Amino acid sequence: PFSKLEKKLIQASDIYLSTAKVVENKAAVAYTVARIFFDHGKFDKAKERYLKIINEFPDSKAALFSARDIIGSFTEKKDWVNVAKWSKILTDRFKKQTSSSASGVASEFKTYRAGALFMYAQKLEEEKKYKEAAAEYLRLVEENPYNKNADKALYNAAVNYQRALMFDSALKLHE
């Protein structure tokens, strides 16, 4: 539960953001409130607020922090499907920006996606879903051929195809 002070800060900030004609550092104020929800594990409410920040202030530091928090919330839950999904969405959003830092940010989120795909493939492998695991490893390589895990992903895809008794597919990867 929120403390009395946090409740008052949320209320005051929401009123300030919606009624003030000129708001200094609006993105930072909005981020502070979103972060309170995040810190209390209210990830859905935080995500709503983070997305608003990303959409309204795409070149702000608050937008970058918001995007990282969205990825962080799914990472904390080990929800690799959503880490991959949101990393892609956020990569695409930051690619559209013209600021000098946008390409670095897009690259950062592309790396998060590659890591999530690898972790998800490992999870599928543990669940003995070998064909699906192989497909995820291959997707990682297709999207990120120069990723540090690309060679491991190719090898793991071949091993998983063997386990799924898909020997032709495994042989193609071993060539």
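Values for this structure:
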read-out: Partners for LYS4 among aspartates and glutamates (Cα-Cα distance below 19 Å; same-chain residues under 8 apart left out); value: ASP14, ASP39
read-out: Karplus-derived HN-Hα couplings along region 23-40 (A = 6.51, B = -1.76, C = 1.60, θ = phi - 60°), whole Hz, x at Gly and Pro; value: 10, 6, 6, 4, 4, 5, 5, 4, 5, 4, 5, 4, 5, 4, 4, 4, 5, 9
read-out: Point-charge dipole on Cβ atoms (K/R +1, D/E -1) for the chain, about Cα centre, debye to 20; value: 500 debye
read-out: log₁₀ of I(q)/I(0) at q = 0.32 Å⁻¹ - region 1-50, Debye sum with one point per alpha carbon; value: -1.25
read-out: Pairs beyond 19 Å (Cα-Cα), from LYS128/LYS148; LYS78/LYS148; LYS7/LYS77; LYS47/LYS96; LYS26/LYS85; LYS78/LYS110; value: LYS128/LYS148; LYS78/LYS148; LYS7/LYS77; LYS47/LYS96; LYS26/LYS85
read-out: Relative contact order [Cα under 8 Å, 6+ residues apart], the chain, whole percent; value: 11 percent
read-out: Paired Rg and Dmax values of region 44-123, which use every Cα atom, in angstrom; value: 12.1, 37
read-out: 0 to 90° range, to nearest 10: angle between helix 80-95 axis and the chain longest Cα axis; value: 60 degrees
read-out: Accessible-area composition of region 23-141, carbon plus sulfur, in percent [1.4 Å probe]; value: 51 percent
read-out: Farthest toward positive dipole pole in the chain [+1 Lys/Arg, -1 Asp/Glu at C-beta], among ALA62, LEU9, LEU117; value: LEU9
read-out: Cα-based Rg of the chain normalised by 2.2 N^0.38 Å, two decimals; value: 1.29
read-out: Angle between the chain longest axis and helix 61-76 axis [Cα atoms, degrees, rounded to 10]; value: 50 degrees
read-out: Per residue, in Å², the accessible surface of the chain once ligands and nucleic acids are set aside, probe 1.4 Å; value: 61 Å²
read-out: Rounded to 10°, Cα long-axis angle of helix 150-163 versus longest principal axis of the chain; value: 60 degrees
read-out: Solvent-accessible ranking of LYS85, LYS96, largest area first, probe 1.4 Å; value: LYS96, LYS85
read-out: Where chymotrypsin sites (Phe, Trp or Tyr not before Pro) fall in DSSP loop in region 1-72, at most 14 other Cβ within 10 Å; value: PHE2
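The values are calculated or read from the model by the stated rules, or taken from the named source; none is laboratory data. Quantities reported herein were computed from a predicted structural model and do not represent experimental measurements. Neighbour counts are summed over all protein chains in view; Cβ atoms, including those assigned to glycine, are modelled from backbone coordinates with ideal geometry. The area values use the complete protein model at the heavy-atom level, side chains included, leaving out ligands, DNA and RNA. Shrake-Rupley method; radii C 1.70, N 1.55, O 1.52, S 1.80 Å.
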